[in-house]
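Some notes on the structure that comes next.
Bear in mind that the values in this text are calculations on the coordinates, not laboratory data. A quick note: this is a predicted structure, and the numbers were derived from the prediction, not measured. Note that each Cβ is placed from the backbone with ideal geometry, even for glycine, and that neighbours are counted across all protein chains shown.
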Amino acid sequence: MALTSYGTRIDVRALAPRERHPLIFNTFRSLGSGESMELINDHDPRPLYEQFQAEKPGLVAWDYLENGPQTWRVRITKLAGARPNGPCCGSCGGA
């Protein structure tokens, strides 16, 4: 993991596939609202995009910076309104 001018950079190419999504989601949870991370992968991370859309609808911006064929780079941004550490207690109505 490295820090870039616009956030954290995670290169998961050397990690075992089972380790990738947990690292990515843990890093995303640590971001503040409006902060970004850069993901570097050896394949199109479209399944990860779908998982973000299912688990965090409306709270993630996804921008391809490089689109293969050997390296994919994606900027993943936590949008305003995203809670920093997962689900809230519910007393605020989920705001």
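A few notes on this one:
- Between Tyr64 and Ser30, the contour length at 0.36 nm per residue exceeds the alpha carbon distance by 10.1 nm.
- Karplus-derived 3J(HN,Hα), 6.51/-1.76/1.60, for each residue of the range 26-35, Hz, glycine and proline x: 5, 5, 4, 4, 7, 6, x, 4, x, 7
- For the range 48-59, backbone phi angles converted through the Karplus equation (6.51, -1.76, 1.60; θ = phi - 60°) give residue-by-residue couplings of 5, 4, 4, 5, 4, 5, 6, 8, 9, x, x, 10 Hz, Gly and Pro being listed as x.
- Other residues whose C-beta falls under 13 angstrom from the C-beta of Pro47 contribute a net charge of -1, scoring Lys and Arg +1 and Asp and Glu -1.
- Per-residue Cβ neighbour rank within 10 angstrom, fewest leading, Trp72, Trp62: Trp62, Trp72
- Here the Karplus relation 6.51 cos²θ - 1.76 cosθ + 1.60, evaluated at θ = phi - 60°, turns the backbone of the range 7-23 into coupling constants of x, 8, 10, 10, 9, 9, 4, 8, 8, 5, x, 5, 8, 5, 4, x, 5 Hz, with x for every Gly and Pro.
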